[in-house]
Amino acid sequence: MIVVLHPSCTPEQQEAVVRRIREAGLGAHLSQGVMRTVVGVIGDDRTKEQLRTMLEAMDGVERVVKVLQPYKLVSREFQPQTTAVQVGPVRIGGPEVVVIAGPCSVESREQILQAARAVKAAGAVMLRGGAFKPRTSPYSFQGLEEEGLRLLAEARAEVGLPVVTEAMDARQLELVLRYADMVQIGARNMQNYTLLREVGRARCPVLLKRGPAATLEETLLAAEYVLAEGNPSVVLCERGLRSFDNHTRFLLDVGAVPVLQRLSHLPVLVDPSQAAGKRQWVPPLARAAVAAGADGLLVEVHPDPERALSDGPQQLRPQEFADLVRQLRAIAEAVGRTLAALPVGTP
Ligand code: PEP
Ligand code: MN
């Protein structure tokens, strides 16, 4: 349920509305727009019906809207303007398309520094790289853990790109946040509700990947967990679905981009690399994502993918990535956007 306050609603009337909601044992989330303020009512649906008519009778209330979807705080009904998530100097969800790139995993000092320099030179504005890796097999490379985080921070210090990296478990979160600018919740963890609540409480920027078999509603409800804890800085990421065909590793749901942007005010990125599974399919999927209106991309780039310890076949070489970014500039422009650049003066 959403309470739309009248443009002339006074602070006292607004306070009375919030108080009435809290007295009913429900949560009240305020969203201050340019024109008007709306209050999201959070909690047990059974209590709400009674409260609805009471709120409608209060001064300063324009109308009370019943929300049809099960998610509220992430919905466009609750907040009409798109959320911009700020990660250091980078703004995700603004008019500019944000390109984030880097290796699948951090493997060595030399590897992450080379990757960071290359993706920055090509036009990426954030660095990615896994230190805790969710591998299908327990015998595969699991990541350098804290050493990987340290190397990411070193790369950031040298090239000036903010860093996004995955936390697989609530117990890793504090450590990851000591080094990273944004926490990635991987596709396999999209419904790890303990972890979602923890990143919600941590109030850090969150990159939430869609699960390989998650509906858009489930994805938005996962994001709702984070927002419900008071963290509005969530960026959604489509990375491909489990399908009946295996020509690509996962089936990229390009349609999810405009649909999510319609249903939610959260920015939407696309990871074409996990979906492609093979280097040659990455550029076409990346181009399609930007053409479909994605707010940014997460692309795997490795200085020497033949020697990569994870996802070698899908990682672009630096030159391939540079060529792709050039194409993306033209596509972004064709859909009325530009690629984000770092502010002048970044090292
Ligand atoms: C990754 O980004 O390297 C990764 C493991 O992604 P996903 O969680 O989408 O599989
Ligand atoms: Mn990967």
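The values are calculated or read from the model by the stated rules, or taken from the named source; none is laboratory data. Nothing here was measured: the structure is a model prediction, and the numbers come from that model. We place every Cβ from the backbone using ideal geometry, glycine too, and count neighbours over all the protein chains shown.
A few remarks follow.
Residue by residue, here is whether (1) small (Gly, Ala, Ser); (2) under 23 Å from Leu236 (Cβ atoms) holds:
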residue: Val99; (1), (2): no, yes
residue: Pro103; (1), (2): no, yes
residue: Gln111; (1), (2): no, no
residue: Gln114; (1), (2): no, no
residue: Ala121; (1), (2): yes, no
residue: Met126; (1), (2): no, yes
residue: Gly129; (1), (2): yes, yes
residue: Tyr139; (1), (2): no, no
residue: Leu149; (1), (2): no, no
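- Within segment 171-196, the set of residues being more than 16 Å from ligand 2 (Cβ to nearest atom), over 20 Å from Ala116 (Cα atoms) and in a loop (DSSP other than H, G, I, E, B) comprises Gln191, Asn192.
- Segment 37-58 residues that are assigned by TED's automatic domain parsing to the domain that holds Cys9 and at pLDDT below 85, paired with ones that are surrounded by fewer than 18 Cβ atoms within 10 Å (Cβ to Cβ) and part of a strand (DSSP E or B) (beta carbon under 6 Å, 6 or more apart): Gly43/Gly27
- Boolean, Leu266 is of a type outside the set (Asp, Glu), more than 15 Å from ligand 2 (Cβ to nearest atom), without any contact (Cβ under 8 Å) to a residue 40 or more places away in the chain and touching a Ser or Thr at 6+ places or on another chain (Cβ under 6 Å): no
- Of the numbered criteria (1) away from ligand 1 (no atom under 15 Å from the Cβ); (2) more than 30 Å from Gln327 (Cα to Cα), the one Leu216 fails is (2).
- If you filter segment 71-106 down to residues that are of a type in the set (A, V, I, L, M) and not in a strand (DSSP E or B), you find that the one that is nearest to Thr215 (Cα to Cα) is Val74.
- Gln319 away from ligand 1 (no atom under 16 Å from the Cβ) and under 19 Å from the mean Cα position of the chain (by Cα): no
- Selection within segment 95-117 - within 15 Å of ligand 1 (Cβ to nearest atom), small (Gly, Ala, Ser) and more than 21 Å from the chain's Cα centre (by Cα): Ala115
- Among residues of segment 118-137, those that are more than 15 Å from ligand 1 (Cβ to nearest atom) and either over 24 Å from Leu339 (Cβ atoms) or part of a helix (DSSP H, G or I) (or both), counted: 4
- Unique match (being assigned by TED's automatic domain parsing to the domain that holds Ser233 and within 15 Å of ligand 2 (Cβ to nearest atom)) among Gly148, Gly160, Gly200, Gly94: Gly148
- Residue in segment 330-341 that is away from ligand 1 (no atom under 16 Å from the Cβ), crowded, with 20+ Cβ neighbours inside 10 Å and part of a loop (DSSP other than H, G, I, E, B) present: yes
- Only helices (runs of 4 or more DSSP H) whose full extent lies in segment 245-302 are considered here, and the ones with at least 1 residues that are surrounded by fewer than 20 Cβ atoms within 10 Å (Cβ to Cβ) are 256-263, 282-291.
- In segment 108-127, the residues that are touching a residue at least 60 places away in the same chain (Cβ under 8 Å), buried (at least 24 other Cβ atoms within 10 Å of the Cβ) and farther than 15 Å from Leu269 by Cα: Ala115, Val119
- Residue satisfying condition, being touching a Lys or Arg at 6+ places or on another chain (Cβ under 9 Å), more than 16 Å from ligand 2 (Cβ to nearest atom), assigned by TED's automatic domain parsing to the domain that holds Pro267 and closer than 12 Å to Val119 by Cα, within set Leu324, Leu328, Leu298: Leu324
- Taking segment 201-227 as the range and being farther than 15 Å from Ile185 by Cβ, of a type outside the set (D, E, K, R) and in a helix (DSSP H, G or I) as the test, only Leu216 passes.
- Within segment 146-173, if we keep just the residues that are out of contact with any helix residue (DSSP H, G or I) (no Cβ under 8 Å at 6 or more places or on another chain) and surrounded by fewer than 15 Cβ atoms within 10 Å (Cβ to Cβ), the residue that is nearest to Val206 (Cα to Cα) turns out to be Arg171.
- Tabulated pairs, segment 157-170, first within 12 Å of Val119 (Cβ to Cβ), second modelled with pLDDT under 95 and among the aromatic types (Phe, Trp, Tyr), C-beta under 8 angstrom, 6+ apart or interchain: none
- One residue stands out among those in segment 35-70 that are in contact with a His (Cβ under 8 Å, 6 or more places away or on another chain) and in a loop (DSSP other than H, G, I, E, B): the one that is surrounded by the fewest Cβ atoms within 10 Å (Cβ to Cβ), which is Arg36.
- Scanning segment 158-215 for residues that are acidic (Asp, Glu) and more than 26 Å from Gly255 (Cβ to Cβ) gives Glu158, Asp169, Glu174, Asp181, Glu198.
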